[in-house]
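Please treat every number below as a calculation from the coordinates, not as lab data. Being a predicted model, the structure only gives us computed values, none of them experimental. Quick reminder, even Gly has a Cβ in these numbers, built from the backbone with ideal geometry, and neighbours come from all protein chains shown.
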Amino acid sequence: MPKKILAVDDERAIVRLVQINLERQGYQVVTAYDGKEALEKVASEKPDLVVLDVMMPYMDGFEVLQQLRKNPETRDLPVIMLTAKAQDTDVFRGYTSGVDLYLTKPFNPMELVSFVKRIFSSMESNEGGNVLDLG
């Protein structure tokens, strides 16, 4: 059974780019286009990982991440933030909010694929833990 990834961004072209590149690697990709829909899809689809934008309608990525980390069922769900918000304060906020990886736009799709593979590999070697070793 392939790993399921939720791609969330209000820019449909970005969602499609993420989706195509991850599907080429054998992952199943489901999509959402705002923060509210992201939380609904996490509940209904039970993804193994979320690729999450920050600036979105209804609820931004930081709010989505906060909701995921508060819920015992999704507390350990790996989240990669993929965003144009590249200021040090934004990156710091992402990591202190519990994001597993912070990737800024514009991004190299193969770099995203590489990070996804590392997260899954790290999870398997840590028996489902949420510790990421990028070394």
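Kindly provide the helix-only [θ] at 222 nm of the chain, computed as the sum of -39,500 (n - 2.57) over DSSP H runs of four or more divided by all residues, to the nearest 500 deg cm²/dmol?
Counting only the DSSP helices, I get -14000 deg cm²/dmol.
Using only alpha carbons, the stretch 55-110 has a radius of gyration to Kirkwood radius ratio (Rg to Rh) of 0.97.
Counting beta carbons within 10 Å around each of VAL51, VAL29 and listing the fewest first gives the order VAL29, VAL51.
For ASP10, ASP53, ASP100, what ranking results if the residue with the fewest other Cβ atoms within 10 Å of its Cβ goes first?
Values: ASP10 16, ASP53 27, ASP100 23.
Ordered from fewest to most neighbouring Cβ atoms within 10 Å, ASP10, ASP53, ASP100 come out as ASP10, ASP100, ASP53.
Dividing the convex hull volume of the alpha-carbon atoms in the chain by its residue count gives 102 Å³ per residue.
How high is the relative contact order of the stretch 4-125, in percent, with contacts defined as C-alpha pairs under 8 Å that are six or more residues apart? Display every interim value, and only then the final one.
On the way: 193 pairs, mean separation 27.2, N = 122.
Contact order relative to length: 22 percent.
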